[in-house]
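The values are calculated or read from the model by the stated rules, or taken from the named source; none is laboratory data. Note that the structure is predicted; figures quoted are calculated from it, not measured. Here the Cβ is made from the backbone with ideal geometry for all residues, glycine too, and neighbour counts use every protein chain on show. Quick note on the areas: whole protein, heavy atoms, side chains included, nothing else; ligands and nucleic acids left out. Shrake-Rupley method; radii C 1.70, N 1.55, O 1.52, S 1.80 Å.
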Amino acid sequence: MSRFVARRKVESLPRIPLRGTIDLTYRCGNDCRHCWLRLAPDAAERAAELSSGEIRRIVDEARKMGCREWAISGGEPMLRPDFAEVFSEIVGKSFRYTLNTNGTLITPAIARLLRRTGTKLVALYGATAAVHDAVTRRPGSFAALERGVAYLREAGAAFTVQVVPMRTNIADYEAMVRLAGSWSPSWRVGATWLYLSASGDPRRNRDIRTERLDPARVAELDQTFARGAGDPDGDAAIACAAARAGTDGLYASCLAGRRDFHIDPYGGLSFCSFVKDPALRLDLRSMSFAEAWEERLPRLAEAVRPSAAYADGCGTCDLRADCKWCPVYAYLEHRDHSAKIEGLCAIARETRRARTEWLGAHRRRFGIAGLAVDVESDLPITDGTFDPKFEPFRVPADGPADIVLRHHFSLPDLDAFDLGREVFRRAPWAIFRKDSSWIYVMISPDPSDATVHRVMVFDDGHTRGRIYSPSDGFFRSGGLDSLALLPSDQLVLARALPAFGGLYVHAAGVEMGGHGLVFAGPSEAGKSTMVKLIGDRGRVLCDDRVIVRKSAGGVRVHGTWNHGEIPRVSPASAPVRAVFFLRQAKTNRLDRVEDPRSVLADLLPRLVRPLVSSDWWERALALAAEIVRDVPFYDLSFDRSGDIVGVLEGFLGQADGP
């Protein structure tokens, strides 16, 4: 698969407000035990909520600056009598939207409205009325939710069930999951750790603390579901959690990378929905969206300085990578942005323990061309999962991996996501570019067949990928010929290698006397034949695909597991003595190819090319030019007599001479 995709290099992305979140109200008919925002339906704050006209103005101003995606939430947004009007206004000016609801106020008319493509998250708090209503503290809420779900299904409005675990319903958890699956093919787990109330109300905080799960259960749920729930749009939540607080301001690094914003029901804008410190909110009733975004919001980066306690605690903690701690949570917990949250410390310890234990059964590491490739799976990986050819490439998992592939065994709901711009379509792949992600959708060769066979999501460099299969049957069958569950792993490796100084080459590789020999040619050129002729006088690296990688130590040829006719493979490598272009003939001889242009004319067609973007070509061409400069290339004419091996030995003897 090869197609050129032009891409202009941009050194730094402009600060465009791409995604907005708006809470239409904090009022709700339910009174959930865990809720950190809820106000009563008749709360006095209703009078201060943004009007539909004000919302329209804000949406229009944000759109002029680039906003094309909105998340709509609450409270319960449908409690507003103008919900349908506001929803239509926002969604009509968006490429993509997300809606959070408890489902109790969905009517047939609203269900028809929600047929518009987007993500609808419907909260579930129990598998029975007894449990669900115990959480909501509103008798009849479960029946109202069931009715709303029925309306959605009747209208054909796709939705995702969000299972929200807490102490009151955790015994009902498995039943909740089964019920969610019976309602919709798409479901997910909501927040596993509960934040304290935005208002700081002591009674509500006591209720929330009572509902918090023990650290081990939080870690278990996070490990099982949060590592890969089917969102092909990337890992925004993970990226946010990984943000480090700056030394000048706790929120500096967070603000520097954000292209999103949050608006509360009263017109207060900030950079995150969890920001509840009034000093970190900007009043859109007294300023334009442009002023708030371009001038006022960036100043908040240094509005909160880290304390000495932070510098000695969370800021330098070795558990930070496994911890949910964030300054916004610290403010909710202690009204101190720098404060430690002891409960999260315990969860972080359990998360690291659970993660280490999980990886022991769900990860295998392989070494190829000096790179560490991790394969992770939602299902355990056994010694029989992959073909025995991979066994020589197994290495201990020590330190971070260069490339990580993670397998999931259900397809994401693609109708609910914006896949971005389509850049390639030819069966079996349709490929999309979304921000810094590449999204591969495996399609049928029949244009009338809309079946999706696999979905893969990679980062820009193809070093981190999630692979979604429709079921686990193929994986469980074992003896898999590809780590990525594809016909070949070269789609992934060839795309990633140039950034590491490597090229995936359609060639055989042999090590003879400490020298690496590369025999390049198309199919039927004689690569396997050369390997057979050399026989035991050399060590086979691979007879069909090798990696040529340049580093400070020179150019080396590395074996791969993508063999052809001869199943002998090796993870070994050797310094490249020469590259030979195979020419089947009636004579046996070597002829040096001196002209770099002639060399490249033969070499470039031998490169294994995935979907080719301009940056890939730039790196690959530059690397190929360096290799041509550093390594001699020859035309190798040979017959099947085996005499060519003597020619090669004589050539190597000259190299080893004085």
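Summed over region 440-450, the residues that are under 22 Å from residue 418 (Cβ atoms) and out of contact with any helix residue (DSSP H, G or I) (no Cβ under 9 Å at 6 or more places or on another chain) give a count of 3. Taking every residue in region 630-647 that is closer than 19 Å to residue 537 by Cβ and hydrophobic (A, V, I, L, M, F, W, C) and pairing it with any residue that is open to solvent by 10 Å² or more (accessible area, probe 1.4 Å) and part of a strand (DSSP E or B), at least 6 positions away or on another chain, the pairs with Cβ-Cβ distances below 6 Å are 636/582; 636/590.
The criterion of being assigned to a helix (DSSP H, G or I), modelled with pLDDT of 95 or more and surrounded by fewer than 15 Cβ atoms within 10 Å (Cβ to Cβ) does not hold for residue 357. So which residues in region 338-354 are open to solvent by less than 20 Å² (accessible area, probe 1.4 Å) and under 23 Å from residue 211 (Cα atoms), if there are any at all? Scanning region 338-354 gives 339, 341, 344, 347, 348, 354. The criterion of at least 3 residues that are touching a Leu at 6+ places or on another chain (Cβ under 9 Å) and modelled with pLDDT of 95 or more is met by the following helices (runs of 4 or more DSSP H) wholly inside region 127-200: 141-155, 173-183.
Considering region 184-213, and only residues there that are without any contact (Cβ under 8 Å) to a residue 24 or more places away in the chain and of a type outside the set (Lys, Arg), the residue that is least open to solvent (accessible area, probe 1.4 Å) turns out to be 205. Within region 365-394, residues that are at positive phi have Cβ atoms under 6 Å from residues that are open to solvent by 10 Å² or more (accessible area, probe 1.4 Å) in these pairs: 369/549; 369/558, counting only partners at least 6 apart in sequence or on another chain. If you filter region 386-401 down to residues that are more than 24 Å from the chain's Cα centre (by Cα) and acidic (Asp, Glu), you find that the one that is least open to solvent (accessible area, probe 1.4 Å) is 387. The set of residues from region 297-322 being closer than 24 Å to residue 281 by Cα, loosely packed, with under 15 Cβ neighbours inside 10 Å and of a type outside the set (D, E, K, R) comprises just one member, 298. Within the set 333, 376, the sole residue that is in contact with a strand residue (DSSP E or B) (Cβ under 8 Å, 6 or more places away or on another chain) and surrounded by 16 or more Cβ atoms within 10 Å (Cβ to Cβ) turns out to be 376. Within region 286-299, residues that are over 13 Å from residue 57 (Cβ atoms) reach no partner that is open to solvent by 40 Å² or more (accessible area, probe 1.4 Å) and part of a helix (DSSP H, G or I) with beta carbons closer than 8 Å at six or more positions or on different chains. Scoring residue 61 on the criteria (1) farther than 18 Å from residue 123 by Cα; (2) of a type outside the set (Lys, Arg); (3) crowded, with 19+ Cβ neighbours inside 10 Å; (4) in contact (Cβ under 8 Å) with a residue 40 or more places away in the chain leaves a single failure, condition (3). Does residue 406 satisfy being in contact (Cβ under 8 Å) with a residue 24 or more places away in the chain, part of a strand (DSSP E or B) and charged (D, E, K, R)? Answer is yes for this residue. In region 584-603, the qualifying residues are those that are surrounded by 14 or more Cβ atoms within 10 Å (Cβ to Cβ) and within 30 Å of residue 429 (Cα to Cα), and the one that is nearest to the chain's Cα centre (by Cα) is 603. Given the criteria touching a helix residue (DSSP H, G or I) at 6+ places or on another chain (Cβ under 7 Å), hydrophobic (A, V, I, L, M, F, W, C) and closer than 30 Å to residue 553 by Cβ, does residue 494 qualify? In short, no.
Among the residues of region 173-197, those that are among the small types (Gly, Ala, Ser) and within 24 Å of residue 119 (Cβ to Cβ) comprise 180, 181, 182, 184, 186, 190, 191. Please determine, by comparing only the residues of region 20-33 that are touching an Asp or Glu at 6+ places or on another chain (Cβ under 8 Å) and open to solvent by 30 Å² or more (accessible area, probe 1.4 Å), which one is nearest to residue 191 (Cα to Cα). Filtering first and then ranking leaves 33. All of 418, 383 fail the test of being in a loop (DSSP other than H, G, I, E, B), surrounded by 15 or more Cβ atoms within 10 Å (Cβ to Cβ) and among the acidic types (Asp, Glu), apart from 418. If you go through region 64-104 and pick out every residue that is open to solvent by 30 Å² or more (accessible area, probe 1.4 Å), under 18 Å from residue 46 (Cα atoms) and in contact (Cβ under 8 Å) with a residue 24 or more places away in the chain, you end up with 4. Of all residues in region 255-267, those being farther than 23 Å from residue 43 by Cβ and either open to solvent by less than 30 Å² (accessible area, probe 1.4 Å) or in contact (Cβ under 8 Å) with a residue 60 or more places away in the chain (or both) number 4. Note on region 268-296: residues that are over 12 Å from residue 21 (Cβ atoms) and buried (at least 22 other Cβ atoms within 10 Å of the Cβ) total 6.
Of all the criteria given as (1) closer than 19 Å to residue 604 by Cα; (2) open to solvent by 50 Å² or more (accessible area, probe 1.4 Å); (3) in a strand (DSSP E or B), the one not satisfied by residue 575 is (1). Restricting attention to region 615-650 and to residues that are among the small types (Gly, Ala, Ser), in a helix (DSSP H, G or I) and in contact with a helix residue (DSSP H, G or I) (Cβ under 9 Å, 6 or more places away or on another chain), the residue that is surrounded by the most Cβ atoms within 10 Å (Cβ to Cβ) turns out to be 624. Residue 135 meets each of the listed conditions (1) within 29 Å of residue 330 (Cα to Cα); (2) open to solvent by 40 Å² or more (accessible area, probe 1.4 Å); (3) of a type outside the set (Ser, Thr, Tyr); (4) in contact with a Ser or Thr (Cβ under 6 Å, 6 or more places away or on another chain) apart from (2). Determine, yes or no, whether residue 125 is over 29 Å from residue 86 (Cβ atoms), open to solvent by less than 30 Å² (accessible area, probe 1.4 Å) and aromatic (Phe, Trp, Tyr). No, not satisfied.
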